[in-house]
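**Student:** Here it is, the structure, as structure tokens.
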Amino acid sequence: MSVYPRFHAALLVIFLLLPRAIRAQDQFVDGTMPEDQLPGLKAILTNALRQSPEMIRNEIIVAEGEAGVYSSDHSLWPSVNGGAQYGTNRSSTTGGAASTQSGFFYNVGLNQPIFQWGALINQSRIGRIKLLVNEKQYADAYRQLAVSLREQYFSLILKEVAIRNARFSNTITQGELDVLEQRRKSGAVSEAELILPRLNAEDSSLSLEQNEESLENAKIAFAHLAGLKRINDSDIPLAIPKGAYDKSKTNVLLASLLGSQAHDTLQSQVYRLEIRQDDLDYKIAKVGLLPKLNLGAGYSVENETTAFNTTIEQTVINQLTYNLNVSWSIFDGFATKGAKLSALASKRLDERLFKTYVDTTEQQAQHLARMVDIAARYQDLADRRMDQQDGSLREATAELKRGIAAQNVVDAAQQAWYAVDYGRTSAHSDYLSAWIEFVSLVGRDPALNNLPPRYVRETP
């Protein structure tokens, strides 16, 4: 485990003593997510569970796992088979009488495994484990999708703000050029003096066009990811709300992850299920060369009619059989030994991957906790800059009304306000993105509440 700050040690000890039910509550996350203040985003996250191409694909994988349960259970059930036949046979011998035989035959058989050292039960358990793995991976895919959708939604907002700023700048630049063009007509400005303003105006127009095209492409990509037909400009606000930061909540969530050694996360559950499957595979392989018992039963009916030149004979035979048989594979060319070694090697690999995942997740969680704190301070700094720029814009507007400032002074103040507003929006985005990634990593993303509980909370 990575080095953990000393001042968190007491909090960690207290937290580990709390009942598990208390830890399962969302009191540290409720009201802190962007969708709590952006209803449009909340609807997108909910609809993406059903409409996103990625989630539809994973839903099919879960359905395959459900079908696999039936396949893994089939050996526990009796197998029943039957057959029927109707035939005619004519025969004759040299110097003898000819005869004709015809009849209807049918049979029904049943076979039931009785004792195979737990191999069949373990195979059934493996089928259910695979289904659980598919469900956990479905939930984890949705967790990652929710993070991506939020962050891409922020990107759309930033692009909208950038276009607003570019449009304003383009309007100012074009207005300044128009004034110079009028002055050139009156001879107050030379043609040479218009070269740079014209280049600036063209550059401004191209920049606006580039930003608009970038937004359109981003909207298409976002709609595809979320499973939407399209997303309109009206669906994208021009502001990202300030995230509410509480360092104590971050500390408690981090302590929860470190205290459980990340065992409650979805990927952790997947690794533990796979290790359990490795154990069952070994148990199945271990009994591969042991004798196995099966119960069999059968019932058959033969209804036969034999016709001779002068007589006809009819025979009906009903036969009921049942048996208890033993099958024993004494030597299989070391296939059983290979299966056991393979299961043990797979378990060692999964245990190593699990440990690596835990170590990496703990380190990443601590890193994200620090990034959340840093992003929160940047967010506060951007808000203070915005407050200062608000004052500058109000002052310039007031001076314009009093007649002591020109319109271009207000325009410059407005342009500066837009630039600072973009910085503030970006800072809000950075903080919320860091918080989202942290909350998701520690397994407390409220978007997972949209899933069936067993996908998230059912443990191996």
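Only the coordinates and a few stated rules stand behind these numbers; no lab work does. Computed from a predicted model, the values in this text were never measured in an experiment. Please note: Cβ atoms are built from the backbone with ideal geometry, for glycine as well, and neighbour counts cover all protein chains shown.
**Student:** Say R0 is 60 Å: what FRET efficiency, to the nearest 0.05, do TYR357 and LEU194 get from their beta-carbon distance?
**Tutor:** The value I calculate is 0.40.
**Student:** Further question: Convert each backbone phi in segment 283-299 into a coupling constant with the Karplus relation 6.51 cos²θ - 1.76 cosθ + 1.60 (shift: θ = phi - 60°), then list the ³J(HN,Hα) values in order as whole Hz, x for Gly and Pro.
**Tutor:** In residue order, the calculated couplings are 4, 5, 5, 5, 9, x, 9, 8, x, 10, 9, 9, 9, x, 8, x, 9 Hz.
**Student:** Search the structure for amide H atoms under 5 Å from the amide H of GLY288, placed 1.01 Å from N in the peptide plane, and list their residues when 5 or more places away or on another chain.
**Tutor:** none
**Student:** Hey, fewest Cβ within 10 Å first, where do TYR455, TYR106, TYR271 land in order?
**Tutor:** So the ranking, lowest neighbour count to highest, is TYR106, TYR455, TYR271.
**Student:** Could you give the nm distance between label points at ILE404 and ARG90, where each point is 7 Å from its Cα heading toward the beta carbon?
**Tutor:** If labels sit at ILE404 and ARG90, their model points lie 12.9 nm apart.
**Student:** Can I ask one more? Suppose R0 equals 30 Å. What FRET efficiency, 1/(1 + (r/R0)^6) with r the Cβ-Cβ distance, do TRP117 and GLN144 give to the nearest 0.05?
**Tutor:** With a Förster radius of 30 Å, E is 0.15.
**Student:** I need the calculated FRET efficiency for the pair VAL179 and GLU212, taking r as the beta carbon distance and R₀ as 30 Å, to the nearest 0.05.
**Tutor:** The formula returns an efficiency of 0.70 here.
**Student:** Continuing with the same structure: Taking each pair of distinct Cα atoms in segment 368-452 once, what is the resulting Kirkwood hydrodynamic radius in Å?
**Tutor:** 15.1
**Student:** Given Cβ point charges of +1 (Lys, Arg) and -1 (Asp, Glu) and nothing else, what value in debye, to the nearest 20, does the dipole of the chain about its Cα centre take?
**Tutor:** So the magnitude is around 1380 debye.
**Student:** For segment 117-127, what does the Karplus curve 6.51 cos²θ - 1.76 cosθ + 1.60, with θ = phi - 60°, yield as ³J(HN,Hα) per residue in whole Hz, taken in order and with x for Gly and Pro?
**Tutor:** So the Karplus estimates, Gly and Pro as x, are 6, x, 5, 5, 5, 5, 5, 5, 5, 4, x Hz.
**Student:** A follow-up question, please. Enumerate the whole-percent occupancy of each 10 Å bin, from 0 to the last occupied one, for all C-alpha pair distances of segment 197-278.
**Tutor:** Values per bin, smallest distances first: 13, 18, 18, 27, 14, 7, 2, 0.
**Student:** Fully extended, how many nm does the chain gain between ARG377 and THR171 (0.36 nm per residue separation, minus their Cα-Cα distance)?
**Tutor:** Here the segment from ARG377 to THR171 would lengthen by 70.7 nm.
**Student:** Then there's this: Hey, got a sec? Which chymotrypsin sites (Phe, Trp or Tyr not before Pro) in segment 311-348 land in a DSSP loop and have at most 12 other Cβ atoms within 10 Å?
**Tutor:** Loop-located and lightly packed - TRP328, PHE331, PHE334.
**Student:** Once log10 I(q)/I(0) by the Debye sum over Cα atoms at q = 0.06, 0.07 Å⁻¹ is worked out from the coordinates, which option in (1) -0.25, -0.35; (2) -0.52, -0.63; (3) -0.29, -0.39 does it equal?
**Tutor:** It is the value labelled (2).
**Student:** Using a 7 Å offset from the Cα along the Cα-to-Cβ direction at both TYR322 and ILE61, what is the distance between the two label points in nm, to one decimal?
**Tutor:** 4.7
**Student:** Now, a different point. Extension gain SER102-SER392, at 0.36 nm per residue separation less the Cα-Cα distance, in nm?
**Tutor:** Extra length from SER102 to SER392 when fully extended: 93.4 nm.
**Student:** A follow-up question, please. Rounded to whole Å, give me the distance from the Cα center of segment 423-456 to that of segment 342-382.
**Tutor:** Each part's Cα centre sits 15 Å from the other's.
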